[in-house]
Each structure stands twice: as structure tokens, then as C-alpha cells.
Amino acid sequence: MSKITAAITGVGAYLPDYILDNFELSRMVDTSDEWIMTRIGIKTRHILKGEGLGTSYLGEHAVRDLLEKTNTDPLDVDMIICATVTPDMFFPSTANLIAHKTGLKNAFGYDMSAACSGFFFALTTASKIVESGFVKKAIVVGADKMSSIVDYEDRSTCPIFGDGAGAVLVEPNTEGLGLLDADLHSDGGGAQHLYMKAGGSAYPPTIETVQNKWHHIHQEGQAVFKAAVSNMGDVSTAIMERNRLSIDDIAYLVPHQANMRIIDATAKRIGLPADKCMINIEKFGNTTAATLPLCLWDYESRLKKGDNLILATFGGGYTWGAAYLKWAYDGGDFSR
Ligand code: UT7
């Protein structure tokens, strides 16, 4: 019997309508389009507006897009994992809310918290569960409403982040396609450089936590920058070496979209030419758990069955990793 692997068989996405560009940002804080483009490489980011709309709204629409594109009956889905650091609320899970809104009545669901690596960690977990035979159809959502935790008075963080969601369908494969290897890492020592201090059990909300802005992202940019470049580069090289993949074997690197300079430096560290790098940070910014599925969605029509992809991620925690994924279908072929 041929070995069962787990493959991505479709990608859906959702980006809210409102676009926050650098010119609007430069009226909010002391910054400029020139500084943001040179230091980060972001021109626009999408922002979810609307009373009471949270991350499940983004995820719901990405899952609807996925179900429609792949012609999947919601009742056939067994499991949904939602990777997010901006859940609608602590409980119930955002995955459950998405499942309810999209009619996944037979699926069990839960959230995964691994910051910008959340989708990557969730994809690996879902793939291993599918490989085991325990579930047949899994949906992995990466979704974040970063605008809900960004301090729009802090010029060092507010240009970076955007809102969005991507969702993939993961199914068993017997042709040797899908997630073939993955290398995942965490280091809680990195927590001091990138965190949101309050709102959890250590510092529940009080007037003081709000006044001190502890419910917003705190980031020491340069420390995170250095850790992102070295860890994403090294783990990508390691996964290529242990799978005997040369640069010529790789169709695309799919890197977390945190900063254009981090993407460039990572590609350079691996020795990969820029045209083999998926990049959409200029349009969407850093959507945290959604960056990797939004890259796959954006480049889907260019992908061919059998293409070798290297996924690379880095985020708060610290969390990071890389995966070797063999793409399972010709992009744009939704008649499968
Ligand atoms: O996805 C999660 C992981 N996160 C990341 O990977 C982010 C990693 N870090 C970064 O991307 C970068 O460190 C930042 C984009 C956050 C900052 O860029 P930087 O080149 O490291 O700038 P810096 O923090 O060293 O600041 C340089 C200068 C400072 O001014 P002085 O002290 O030299 O006078 C800042 O105050 O740039 C100033 N600055 C700005 N100026 C104009 C910081 N933000 C801005 C701004 N506009 N928006």
C-alpha cells in the first residue's frame, strides 16, 4: 500500500475592503511613505471595520471562498484549526465560531496560538492528523485582525500590520504530494522582545492596563529582525539539506511577510534568487497568521502539480520553522 501523505487541495482567502495606505498613516503618526517603503516595504494594508466584527468574520469569509472553490460540502469537513493571536474572545474558540457560521456541522475545531508561525504550526499538526487516517478533510485557517491590538499612536509598529485571513483544505494523498517534511521550533526567551502584556490571566484588564497601553503589541524591532533573519534562513537551509534539495529544485520560497528586508535577507542567506520568492507584503502588510496562506492564494495560479515549495516562518514566542511541501494541483484548476 502506498504511503499516505497530507496535501493542500485548495486555498481560499478574505481581505476586508478598507485600505489603509501610507499617506493616511502619515497623517496619524510622524512617518512617511518613503520611510515605510524603505524600511519595511509596505504600501497598503487591509483593515476590518464594523461594530462587533472580529477575526471569525475574516475566517468565515476565507472558509466560504475555500468551500466554493473546491466544491466541498461543509458536512464532509472533519476538523478545523484556526491559527490566530486575535481571537474574537478567549472562549469559545474562533475555529468553533467559523465552523458554526460556515455550516461545518460535523467538524471539531480549536484555535492555535503561535503568533506569526500559527498557520505553519497548524498546517503541520493538521497534516499529521490527516496522515494518521484520523480525519479525511481538515481546514486550516490563518486569520488575524491585527488592527484590534495595534497602537495607532506608535509609529514603530502601526505601519507593519494588516488584517486578513487565508484557509486551506488538507486531504490524504497517495501520489507522494503534500507536506513531506517540517522543522518546528519555539524559544520562550524571545517573549521579552515581542508580546502583548495584558488581557490574559497575568494582567487582566483594568483602567491602568488600558492607560499603560498594555493591550497593544510591544515589539523591540531590531532584536526581532535579527532573530527572524537568522532563524528563518538557517531552518530553511536545514530542511533543504536534509531533503537533498538544491536551489534549482525549488519553485518558490514561501516566507512569512514581516518586512521586505527580512524576506530579502532570508532569500540571500539561502542563496535563492528574488523571482523564486513569494512576496505580497507591499499590498497586505504583516497579517500575522494569514501571511503564508495569503501568499499561496496570491500565487496559486502560477503553481504546478509537483512544484517544490519551502515554507518559512518566524514570529512572536519566539516561534519559527520551515517545511518542504510538494504542491498537489495545477493552480487555477478548480474542476478537481
Ligand atoms: O511578524 C512578527 C515578527 N516581526 C518582525 O519580524 C519585525 C522585525 N523588525 C522590523 O521589521 C524592524 O525592526 C522595524 C520595521 C520594526 C523597525 O525598523 P528599523 O530599521 O529596525 O528601525 P529602528 O527601530 O532601528 O528605528 C530607526 C529610526 C529611529 O529613529 P532614531 O532613533 O534613529 O532617530 C526610529 O524612531 O527610525 C525611527 N522610526 C521611524 N521613522 C519614521 C521608527 N518607526 C518609524 C516610522 N517612521 N514609522
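What size of dipole, in debye to the nearest 20, comes out for the chain about its Cα centre when the only charges are +1 on Lys and Arg C-beta atoms and -1 on Asp and Glu C-beta atoms?
On the way: 30 positive and 40 negative charges, 82 e Å.
Roughly 400 debye for the chain.
Taking the chain as a Gaussian network, where each spring joins two C-alpha atoms under 10 Å apart, which residue of Asp30, Asp88, Asp163 fluctuates the most?
Its mean-square fluctuation being the largest, the pick is Asp30.
Can you give the three extents of the C-alpha atoms in region 168-304 along their principal axes, from longest to shortest, in whole Å?
For region 168-304, the Cα spread along each principal axis is 56, 32, 30 Å.
Under a 10 Å cutoff between Cα atoms, tell me which one of Gly142, Gly59, Gly103 has the largest fluctuation in the Gaussian network model of the chain.
Gly103
Return Val141, Val85 ranked ascending by Cβ neighbour count within 10 Å, so the fewest neighbours appear first.
Neighbour counts put them in this order, fewest first: Val85, Val141.
Just in region 11-96: which GluC sites (Glu not before Pro) are loop by DSSP and have at most 12 other Cβ atoms within 10 Å?
Answer in residue order: Glu51.
Semi-axes, largest first, in whole Å: what does sqrt of 5 times each Cα gyration tensor eigenvalue give for region 1-96?
Gyration-tensor ellipsoid for region 1-96: 34, 18, 13 Å.
Taking a temperature of 25 °C and a viscosity of 0.890 mPa s, what whole-number D in µm²/s does Stokes-Einstein yield for region 226-282 with Rh from Kirkwood over alpha carbon pairs?
Once the numbers are plugged in, D ends up at 216 µm²/s.
Could you identify which residue out of Gly162, Gly285, Gly176 has the top mean-square fluctuation in a GNM of the chain using Cα springs shorter than 10 Å?
Looking only at Gly162, Gly285, Gly176, the biggest GNM fluctuation is shown by Gly176.
Find, among the chymotrypsin sites (Phe, Trp or Tyr not before Pro) in region 1-106, those assigned to loop by DSSP (not H, G, I, E, B) with at most 11 other beta-carbon atoms within 10 angstrom.
Phe90
Please give the direction-averaged projected area of the C-alpha convex hull for region 51-127, in square nanometres with one decimal.
Numbers: hull surface 20.4 nm².
Averaged projected area of region 51-127's Cα convex hull equals 5.1 nm².
Return the subset of Lys137/Lys326; Lys3/Lys105; Lys137/Lys276; Lys137/Lys305; Lys226/Lys304 for which the Cα-Cα distance in this structure is over 22 Å, preserving the input order. Walk me through the numbers before you get to the answer.
Details: Lys137/Lys326 18 Å; Lys3/Lys105 30 Å; Lys137/Lys276 30 Å; Lys137/Lys305 20 Å; Lys226/Lys304 34 Å.
Pairs exceeding the cut-off: Lys3/Lys105; Lys137/Lys276; Lys226/Lys304.
Send over the per residue convex hull volume for region 166-237, Cα only, as a whole number of Å³.
Residue-normalised Cα hull volume stands at 163 Å³.
Given the convex hull over the Cα atoms of region 234-336, what projected area results after averaging over all orientations, in nm²? Write down the numbers at each step before the final one.
On the way: hull surface 26.2 nm².
That works out to 6.6 nm².
Going through region 204-278, which trypsin sites (Lys or Arg not before Pro) have at most 15 other Cβ atoms within 10 Å and a DSSP loop state? Could you put the intermediate results ahead of the total?
Working: sites: Lys213, Lys226, Arg242, Arg244, Arg261, Lys268, Arg269, Lys276; in loops: Lys213, Arg244.
For trypsin sites (Lys or Arg not before Pro) across region 204-278 that sit outside H, G, I, E and B with at most 15 neighbouring Cβ atoms in 10 Å, the list reads Lys213, Arg244.
Cα-based Rg (one decimal) and Dmax (whole number) for the chain, in Å?
18.9, 63
Among the lysines, which have Cα under 24 Å from the Cα of Lys213 when same-chain residues fewer than 8 positions away are ignored?
Result set, ordered by chain and number: Lys49, Lys145, Lys197.
Taking all pairs of distinct Cα atoms, average 1/r, flip it, and tell me the Kirkwood hydrodynamic radius of region 138-197 in Å to one decimal place.
Every distinct Cα pair counted, the radius reaches 15.4 Å.
What is the spread of the Cα atoms of region 84-240 along each of their three principal axes, largest first, in whole Å?
The Cα atoms of region 84-240 stretch 54, 41, 26 Å along their principal axes.
Values in this text are rule-based calculations from the coordinates and carry no lab data. Everything quoted here is computed from the prediction, not taken from an experiment. Cβ sites come from the backbone with ideal geometry, for glycine too, and all protein chains shown count toward neighbours.
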